[in-house]
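**Q** Pasting a structure here, questions to come.
The values are calculated or read from the model by the stated rules, or taken from the named source; none is laboratory data. Keep in mind that what you see is a predicted model, and the values were worked out from it rather than measured. FYI the Cβ positions are ideal-geometry reconstructions off the backbone, even for glycines, and counts take in every protein chain you see. To get the accessible areas, we keep the full protein, side chains included, count just its heavy atoms, and leave off ligands, DNA and RNA. Shrake-Rupley method; radii C 1.70, N 1.55, O 1.52, S 1.80 Å.
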Amino acid sequence: MAAMAQHVQGMLDLQKLGAVTFDYGNNIRTFAFEQGVKNAYDFPGFVPAYIRPLFCEGKGPFRWAALSGEAADIARTDQLVLELFPQNEQLARWIKLAQKRVKFQGLPSRICWLGYGERDKFGLALNDLVAKGELKAPVVMGRDHLDCGSVASPFRETEAMLDGSDAIADWPLLNALINAASGASWVSIHNGGGVGIGYSQHSGQVTVADGTKEMAKRIERVLTNDPGMGVVRHVDAGYPEAIAFAKKTGVKVPMG
Amino acid sequence: MGVSIPGTVPGTAADTSLSKGPFRAPRGTAISCKGWQQEAALRMLLNNLDPEVAEKPEDLVVYGGTGKAARNWECFHAIVRSLKALEADETLLVQSGKPVAVFRTHEYAPRVLLCNSNLVGHWNNWDRFHELDRAGLMMYGQMTAGSWIYIGTQGILQGTYETFAAAAKKHFGGNLSGKLVVTGGMGGMGGAQPLAATMNGAAFLGIDVDPERIKKRLKTGYCDVMVTSLDEALRILKNAVRKGEATSVGLVGNCADLIPELAKRGVVPDLLTDQTSAQMQRWSCGRRIPKSTRSARWRRWRSTSRGCWICRSWAR
C-alpha cells in the first residue's frame, strides 16, 4: 500500500478506536481515496468541524499593528482585550501566552479571533486610546482574507457548505463592496490565495484608528458590517448556529 | 515619540529612485504623507517588505512562495510616490500591484482600492496567469501580501491555537490538559502545532521525517524535546498525560509506519490530525515523501520539492 494510504488507514483505525480525528487542510484524505482507501472521508476537514461554527458568529483572524513601532503600544492593546472581554478565558489565555511566546516581526502587532459585536467594540475603544494619547501613534486594524464572510475556497474555507454553495464567489465580492461603502481605509479583491489561481476568491480590508471622531464612525461601520458578512453568508447557507446568532444580535437578513 | 529611522522610506536619504531596499516601515509620529490614512498604507506596504517579515524582500515576495506586495520595483516606487502625494479626498487604484489611477472621491472613502490576480472564469488558471505575469501584466497577491497586511508567522500559531481550542471545547470540556494530541508534519504550516497544543494544555506528539524541521522548532521554543524512538516518545507522553502536564515531543519518523503502529499497540490519541505537506502531490510535486529517509529517492525528493509553492502558501 502506498505511504499516504497506509497513513490514512492508520488514522481511520485510530478513529475507530476512539480518537477524535480531522484533516488539517492538506488534502490527505483525497490522496488516500485515490490510492484506494474507500472510506478516507470518514473523518472531517478542520473547517467544517471546528472553524465554521466560529465563522457563523462572525469570528475570524482579526489583527492590528502599531504604526508607532513601539511594543508598549501592543502591550496596551493586549490589556484592552483583557479589559473588554474578561469572560472569554480562551482569548485571555491566548493573549497572555502570546505576550510571552510571540516574537514581533516588523511593526509590533497582535492577532486574535474576535467576532461580530466584538470587533467594533474593540476598534472604538482602540480609537479612543489613540485619541487620548495612551498609544503613541495610530493603529491599523485588518484581517486575513481567510475570514468568516470574505472568502470562497471550495478546497478549504468553504469546503462542504450545507447548501452546496462552496464555489459561489459573490460573497467575497459583496464583502469588498460593503467594506468600501462603510469607509475602510483600504479594500482589496484577490484571486487564488492559499490554494492557487482559480481555486479561491477573497477580499480584505484595513481600517486605521487615528483617534478622530470621523474614523470612529467608519470603524464602527466597517467592524460591524465586515464580520456581519460572515453571519449572513452562513445564515444564507442554512447554518442553525448562524440563524440563531443573527436573531440574537439583530443582524438584518431579509429572507433569513 | 518613537524613533524615526532615516533612509528606510523610499525617496529619502540615500535611496535611489529604483532602490530594491531593504526597506522597513518608518516608526514614530513624523509622517511623510498628507495624512495618517495614507501614511498607514505606506507603512504597511513597507512593513510587508521588512526583511524581518518578508520571505524574499529583494524580489518583493512577502510570503507563500510568490505572494508579492507590488508588481515590480518601478511599480513599488510609483505606489510610494502616489501615496505620498495622495490627498485626503483622493483614492489610489492598484491593479495587480501596479498603481493605475488616482481619482477624487471623498474623505470617507477608502484611500486605496486594490484588485490582485483576478481573471475571468474561463481563463482562471495558473497557465494563463503565468503567461500574463511573465508579460508584466499581473502579480500573484496571495491573501495579505498584495493587500499590505501580512504581519509574520503569528497568524499560523494563532489559527492553530484556535483550531485546537475549538476541538477542546467541542470534545473535551474546553481544555486539552491530560489529553494526547498526535499529528504529523513539523515544517512550515505544521510547525506551529506543538506550541499551539501545549498552549491548550496538551501532551503533544508531532511526527516528522526530517529531524532538521524538528530541531528548528526546538530552537524557537515551539517544541520541548526531540526523540528518535516511539517508545521513548510514549514514555514521556504517558507520564505527561497522567500528570496533566503540557509537553511537546517531536519524533523523527514516518507517519505511514508510526500511525498504524500506534493503532497496533492500542495507543489511542484523544485528538489526531496531520499537517504533512500532502498537497504537494496534487498541486505540483507529484510525489509523496518516500518512506525511508536514507534512500536516494528521499534526497531527490528533498532537492526538487523546495520550490513547491503550496507547501509554503499556508502562512498569512
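**Q** Amide H to amide H under 5 Å from B:Q275: which residues, 5+ apart in sequence or cross-chain, H placed 1.01 Å off N in plane?
**A** Under 5 Å from the amide H of B:Q275: B:G184, B:G185.
**Q** Limiting things to C-alpha atoms, what are the Rg and the maximum Cα-Cα separation (Dmax) for the range A:23-181, in angstroms?
**A** Both quantities, over Cα of the range A:23-181: 18.7, 63 Å.
**Q** Classify the range B:1-151: rounded, prolate or oblate, from the alpha-carbon gyration tensor (a ≥ b ≥ c, eigenvalue square roots; a/c under 1.5 rounded; otherwise prolate if a/b is larger than b/c)?
**A** Oblate.
**Q** Applying the Karplus parametrisation 6.51 cos²θ - 1.76 cosθ + 1.60 with θ = phi - 60° to the phi angles of the range A:208-221, what ³J(HN,Hα) value in whole Hz is obtained for each residue in order, glycine and proline being reported as x?
**A** Along the range A:208-221, the couplings run 9, 8, 9, x, 8, 5, 4, 5, 4, 4, 5, 4, 4, 6 Hz.
**Q** Counting only other chains, and only Cβ atoms inside 10 Å, what mean value do you get across the residues of A:142-150?
**A** Average neighbour count from other chains, rounded to a whole number: 4.
**Q** Could you tell me how far the Cα centroid of the range B:233-269 sits from the Cα centroid of the range A:19-89, in Å?
**A** 24 Å
**Q** Moving on. Quote the charge dipole size of the range A:60-243 about the Cα centre in Debye, to the nearest 20; the model charges only the Cβ of Lys and Arg (+1) and of Asp and Glu (-1).
**A** My answer is approximately 680 debye.
**Q** What do you get for the angle between helix A:240-249 and the principal long axis of chain A? Use alpha-carbon atoms, 0 to 90 degrees, nearest ten.
**A** Between the helix axis and the principal axis of chain A, the angle is about 10 degrees.
**Q** Once Rh for the protein assembly as shown is found with the Kirkwood sum over Cα pairs, what is the Stokes-Einstein diffusion coefficient at 4 °C and 1.567 mPa s, in µm²/s?
**A** 54 µm²/s
**Q** By how many nm would the segment from A:K38 to A:A92 grow when fully extended, if each residue of separation counts as 0.36 nm and the alpha-carbon distance is taken off?
**A** In short, 15.2 nm is gained.
**Q** If you take the beta carbon distance between A:L124 and A:A167 as r and set R0 to 35 Å, what does 1/(1 + (r/R0)^6) give as a FRET efficiency, to the nearest 0.05? All intermediate terms of the calculation are to be shown ahead of the outcome.
**A** Numbers: r = 36 Å, r/R0 = 1.03.
The formula returns an efficiency of 0.45 here.
**Q** To the nearest 10 Å², what's B:K215's accessible area with a 1.4 Å probe?
**A** 90 Å²
**Q** Using the Karplus curve 6.51 cos²θ - 1.76 cosθ + 1.60 with θ = phi - 60°, what ³J(HN,Hα) values do you get for each residue of the range A:124-141, in whole Hz, with x for Gly and Pro?
**A** Result, ordered by residue: 5, 5, 5, 4, 4, 4, 5, 4, 7, x, 6, 10, 7, 7, x, 10, 9, 10 Hz.
**Q** May I pose another question? Amide H to amide H, which residues 5 or more places from B:F204 or on other chains are under 5 Å from it, using H placed in the peptide plane?
**A** B:V181, B:T247, B:S248, B:V249
**Q** Using the alpha-carbon atoms, what tilt in degrees (0 to 90, nearest 10) does helix A:3-16 show relative to the longest principal axis of chain A?
**A** With both axes taken from Cα atoms, the answer is about 80 degrees.
**Q** Another question, if that's okay. Could I have the simple spin-label model distance between A:A131 and B:L218, label points 7 Å from Cα toward Cβ, reported in nm to one decimal?
**A** 5.3 nm
**Q** The range A:197-234 to the range B:87-153: how many Å between their Cα centroids?
**A** 18 Å
**Q** How about the range A:1-92: which trypsin sites (Lys or Arg not before Pro) there lie in a loop by DSSP and see at most 11 other Cβ atoms within 10 Å? Numbers along the way, then the final one.
**A** Numbers: sites: A:K16, A:R29, A:K38, A:K59, A:R63, A:R76; in loops: A:K38, A:K59.
Loop-located and lightly packed - A:K38.
**Q** If amide hydrogens are placed 1.01 Å from N in the peptide plane, which non-local residues have theirs closer than 5 Å to the one on B:T29?
**A** Those qualifying (amide H under 5 Å, at least 5 residues apart or on another chain) are B:G2.
**Q** Place a +1 charge on the Cβ of each Lys and Arg in the range A:38-86 and a -1 charge on the Cβ of each Asp and Glu, then give the dipole magnitude about the Cα centre in debye, rounded to the nearest 20.
**A** About 300 debye.
**Q** Something else now. Roughly speaking, what is the stretch gain from B:L119 to B:D59, that is 0.36 nm per residue apart minus the C-alpha to C-alpha distance, in nm to one decimal?
**A** 19.3 nm
**Q** Under the Karplus relation 6.51 cos²θ - 1.76 cosθ + 1.60, θ = phi - 60°, what is the ordered set of whole-Hz ³J(HN,Hα) values for the range A:62-71, x standing for Gly and Pro?
**A** So the J values, rounded to whole Hz, are 6, 8, 8, 9, 8, 5, 5, x, 9, 4.
**Q** Any chance you could count the Lys pairs in the range A:60-243 whose alpha carbons are under 20 Å apart, treating pairs 8 or more apart or on different chains as valid?
**A** Numbers: A:K121/A:K132; A:K121/A:K213; A:K121/A:K217; A:K132/A:K213; A:K132/A:K217; A:K136/A:K213.
Close lysine pairs under the 20 Å cut-off: 6.
**Q** In Å², and per residue, what accessible area does chain A have when probed at 1.4 Å with the other protein chains present?
**A** For chain A, the per-residue accessible area is 35 Å².
**Q** So, in nm, how far is label A:R101 from label B:R265 when the simple model puts each one 7 Å beyond its Cα toward the Cβ?
**A** Output for this residue pair reads 2.5 nm.
**Q** Which order, highest average first, do B:60-69, B:228-237 follow once you tally other Cβ atoms within 10 Å for each residue and take the mean per peptide?
**A** In decreasing order of mean packing, B:60-69, B:228-237 become B:60-69, B:228-237.
**Q** Leaving out ligands, DNA and RNA, what percent of the accessible area of the range A:3-44 is carbon and sulfur, probe 1.4 Å?
**A** Answer for the range A:3-44: carbon and sulfur cover 51 percent of the accessible area.
**Q** Which of the GluC sites (Glu not before Pro) found in the range A:48-83 are in a DSSP loop and have at most 12 neighbouring Cβ atoms, other than their own, within 10 Å?
**A** none
**Q** Across peptide A:196-203, how many C-beta atoms of other chains are within 10 Å of each residue C-beta, on average?
**A** 6
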